[in-house]
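Take a look at the structure set out below.
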Amino acid sequence: MVTSTSSAQPHLSEIIFPEASRNISQTISKLSTRSLSIRNRLHSIDSDAQFIQDVAVKYPDCAVIANERCGGWYVESGLRGTSFNASGPDEDEDDVDEAENGKTKRSDDLGSAYFKSTDGHFGVWNFSLRRLNLGLLDVLGEFGGCIIVDSTRRGKHLPDALSKTIPIWCAVMNLLLFPEDHYADYHHIVRLPEIVSESEHAQMEAKLPELVASAKKLDLAVSELRQKLRNKPLRPSFIARSLDLHPLPAHAALRQPPIHTLPYHPLYLTMASTFQPNSYEENNTGYVQGAGDDNEMWSQGLTSTLWWQYRDALLTAGEDDLPSLIESIMSKTASEQKVSGFVSVSTTKGAIAIGGSPIDHSDEVEILNCNDKVLLIACCTSGEAMQNLVSQKLRKALGKRLLHLHCGTGKVGSRELRKELKKLPDFIASCSGSRDIPTSPHSGDEPHENGLAIPKATRVLVVDTEGGLDIATGVALALLSLYTDDSGYVDWSTPKETRLMDKITTTKKLSWITTSLPAAKPSATTLKAVNEFMFRR
């Protein structure tokens, strides 16, 4: 008689030795890291950029717009804000000849937009009052339509910015600018069935009245914006290779009616990358979907602008050579990354202007010629930084009309800003008390929208910062909130009571800044610093 003995099922650790398991895990990690190398990313970006070039050719009247930050990697600098067809309804024969010779027509206003995917996430479905993207309306008014380029990581067919954020934005803008019943077909959120379910779409639609009501509180110049669009609403559609949403073939594009004859402005929301499954095992080609996404995690400081500037050298470099090449590029171009020049907040008729560092010679001459009409607020970390930012000659000429706010850059600078903003009321009071600032800046000659162009009877307050616009935008926002009414009229005599303000006040006045200067995109930390200063004074 044979007696059988039962035994428990073997544990996984008895089948695969722990050491072997660790080796497998490390191997998988190395393979994944290698597939996401900088070299693979740059070559993937270059391949996807060719697809965007093809789309632009097939929609030759449309301006090509990069949705930052990812989209900029896929749109060549020379193509951004341009169309392939330079001829238009208002242009002469010389312009047509340029188009036939392959020249492009450039939009002077904007080559990028900033629609965040988080505004389209499930349950959020937001129309951002901070990121109005009004500059895009100028582009649409000029060209008639646009191609907006973005991408996203593997496992997703489209980023939420394209599938939901922009369609929501279009619906809100249409309801705001074209509320009449005969525009009713444009009052709904365009849905991509492959991505947005009927249930989610219904919830998004239900939120539209709330979003429109919030937008109305900004008191935007509706008639002016509508005129920019030539009384034609917006209509988004989608281009994505993975969903068979292809651009028109070349011969079909030629049969399309001219874009300016359409009753709406088309926005072609274009996914740059090819869809890849959400697992590395199914992709051994080295291709990286959404390679430009989250560039701060992989680019070692390389920006999309530098990528296009040094594309050939970067593509021919080996994997081991790329870090040193990028380092040399960053070192060579460090001084070129700062924003310079001044742009006035147009609502204030030039009373407040924002600029990057350093102050160039032409602006310095203008300030010196009218120094009794100028206040300069310089935001930088130290006395040495101040010397680099404002020349000794200008510092001496301005005297007490120069205020140094000790703020660095990034999150640290934003946190420092809250404390430094407390200096503003005393600074303004000391100057206005000695008649250095009038209380009626709307009188006199009006300034140009860009540059200082100091009007004869208007004192101009200039805000500058170290290496960018983030802190400067925060300072300008605080000044607008404290010293302007809802029309933009500036009264420097007495700061407004913050107890009478709310976040809608600061949001509205931020829209004045971003309308005049689309490049001004203050960080959440900077906006928090301004709000804390305003509401806890």
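The values are calculated or read from the model by the stated rules, or taken from the named source; none is laboratory data. Worth saying up front: this structure is predicted, and the values here are computed from it rather than measured. Reconstructed Cβ throughout: ideal geometry from the backbone, glycine too, with neighbour counts over all protein chains shown. For accessibility, only protein heavy atoms count, side chains too; no ligands or nucleic acids. Shrake-Rupley method; radii C 1.70, N 1.55, O 1.52, S 1.80 Å.
Observations on the structure shown:
- Ranked from largest to smallest solvent-accessible area, with a 1.4 Å probe on the protein heavy atoms, Arg536, Arg241 come out as Arg536, Arg241.
- Backbone HN-Hα couplings from phi across region 233-249 [Karplus 6.51/-1.76/1.60, Hz, Gly and Pro as x]: x, 9, 9, x, 9, 10, 10, 8, 4, 5, 9, 6, 9, 8, x, 4, x
- Between amide H atoms placed 1.01 Å from N, distances below 5 Å from Val374 occur with Val460, all of them 5 or more places distant or on a separate chain.
- Out-of-range pairs (alpha-carbon distance over 23 Å; input Lys373/Lys400; Lys400/Lys423; Lys232/Lys349): Lys232/Lys349
- Ordering of 151-163, 44-56 by burial proxy (mean other Cβ atoms within 10 Å per residue, highest first): 151-163, 44-56
- Under Karplus coefficients 6.51, -1.76 and 1.60, residue-wise ³J(HN,Hα) of region 309-325 in Hz, glycine/proline x: 5, 10, 3, 4, 5, 5, 6, 8, 6, x, 4, 6, 8, 4, x, 5, 5
- Net lengthening on full extension, Leu368/Glu210 (0.36 nm per residue, minus Cα-Cα): 52.0 nm
- Alpha-carbon spread of region 497-537, three principal axes, descending order, Å: 30, 19, 11
- Under-5 Å amide H pairs with Cys407, H placed in peptide plane, nonlocal only: Cys380, Thr381
- Under 16 Å from Lys422, Cα to Cα: lysines that are on another chain or at least 8 residues apart: Lys496, Lys528
- Sequence ranges 376-384, 320-328, ranked by mean other-Cβ count within 10 angstrom, highest first: 376-384, 320-328
- If you plug the beta carbon distance of Asp321 and Glu296 into 1/(1 + (r/R0)^6) with R0 = 22 Å, you get a FRET efficiency near 0.50.
- Prolate/oblate/rounded call for region 134-199, Cα gyration tensor, a/c under 1.5 rounded: oblate
- Pairwise Lys count, region 159-229 - Cα closer than 19 Å, eight or more residues apart or different chains: 4
- FRET efficiency, Thr305 to Phe122 (Cβ-Cβ, R0 41 Å, nearest 0.05): 0.80
- Peptide ranges 475-484, 193-202 listed from the most packed, as the mean C-beta count within 10 angstrom indicates: 475-484, 193-202
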